[in-house]
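These notes concern the structure reproduced below.
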Amino acid sequence: MGMDVYGLNPKRNTAKPEILTEYLDDEGWTDWERLKRNNTVNEEGEEVMSEEYEAYWEAHHQWEEDNPGRYFRNNVWWWRPLWNYVCFICDDILDEEDQNNGHGNGGHQINEKKAEVIASRLNLYIENGEAENFAKERQAALDAEPDEDCELCNATGERDDEHVKGKCNGCQGKGTRRPWNNNYPFDIDNLKEFAKFCEQSGGFEIC
C-alpha cells in the first residue's frame, strides 16, 4: 500500500516533452503496448529496453523533477511518520478531518492555502534544525524500546507451518524482534521533497 499524492493545480515550470504525449491513447493514458513494441528479450529471458522506451522514461523522470508539484509518492511505511509530523507542526491549520483522512488513500484534499503553510513550516523547521532534532529524539526513543517476542514463531526462533518450516523468517531465528514502530522511517530528505511538492502543488489530493 502506498500514498499517491497529486497536485490539484500544480505549477508547470517546463513544457511537457513531446515524447510523453506521443504514446498517449485516445483517453489520455499511456499506450504501454505501443511504447514497448521495440523492446526485445535476451537469451536469459530478460526484457531489453529499446532506445525509445529508455528515452521515454528519461524524459518522464526529468519532467517530474522539473515540475515537483504534480506528484509525490510514499509507501505506507514512509508516509505515516511524514504525515504525523505535518499534523504535529500544522495542527492549527489542519482540522481533525484533515489529520485523520490524510492517513488514508481515499482522495482527501488539502487546499492550496494549507499546502502553502505546510511547505513554509516544513522548510522553516528543516532550516532551523528542529526537524533534525525531532528525528534524533524519535530515533532515540525507538532505540530505547526493548525487543519483543516474535509472534510468528512464539519466540522459539523456529517455524513449522504452511508458510515456513525451519528458522523463522520474522526474527531470523532469534525468537525476538524489534517493535513494529521501527518499520516506519522518518527522513529529512523525504521532508524536503514533500515540502517542495506542497509549495508547487496548488493544493493536493491523497489517493
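The values are calculated or read from the model by the stated rules, or taken from the named source; none is laboratory data. Since this is a predicted model, take the numbers as computed values, not measurements. Methodologically, a virtual Cβ is constructed for each residue, glycine included, from the backbone with ideal geometry; neighbour enumeration extends over all protein chains shown. Keep in mind that these areas ignore ligands, DNA and RNA; they rest on the heavy atoms of the full protein, side chains included. Shrake-Rupley method; radii C 1.70, N 1.55, O 1.52, S 1.80 Å.
Descriptive notes on the structure:
- Some residue of the range 79-90 being of a type outside the set (Lys, Arg), under 30 Å from residue 186 (Cβ atoms) and assigned to a loop (DSSP other than H, G, I, E, B): yes
- Close Cβ contacts (under 7 Å, 6 or more residues apart or on different chains) running from residues in the range 46-74 that are over 14 Å from residue 20 (Cβ atoms) to residues that are aromatic (Phe, Trp, Tyr) and open to solvent by less than 70 Å² (accessible area, probe 1.4 Å) comprise 68/197; 69/197; 72/194; 72/197.
- Within the range 181-207, the only residue that satisfies the criterion of being out of contact with any Asp or Glu (no Cβ under 8 Å at 6 or more places or on another chain) and modelled with pLDDT under 95 is 183.
- Residue within the range 13-33 that is within 30 Å of residue 119 (Cα to Cα) and in contact with a Gly (Cβ under 9 Å, 6 or more places away or on another chain) present: yes
Results for (1) in a loop (DSSP other than H, G, I, E, B); (2) farther than 29 Å from residue 203 by Cβ; (3) in contact with a Lys or Arg (Cβ under 8 Å, 6 or more places away or on another chain), shown as yes or no for each residue.
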{"site": "14", "(1), (2), (3)": "yes, no, no"}
{"site": "21", "(1), (2), (3)": "no, no, no"}
{"site": "37", "(1), (2), (3)": "yes, yes, no"}
{"site": "60", "(1), (2), (3)": "no, no, no"}
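- Positions within the range 120-135 being at negative phi and either under 21 Å from the mean Cα position of the chain (by Cα) or not in a helix (DSSP H, G or I) (or both), in sequence order: 120, 121, 122, 123, 125, 126, 128, 131, 132, 134, 135
- Residue among 101, 111 that is more than 22 Å from residue 187 (Cβ to Cβ), at pLDDT 95 or above, open to solvent by 60 Å² or more (accessible area, probe 1.4 Å) and in contact with a His (Cβ under 7 Å, 6 or more places away or on another chain): 101
- Residue 76 meets all of the listed conditions (1) touching a helix residue (DSSP H, G or I) at 6+ places or on another chain (Cβ under 9 Å); (2) open to solvent by less than 60 Å² (accessible area, probe 1.4 Å) but one, namely (1).
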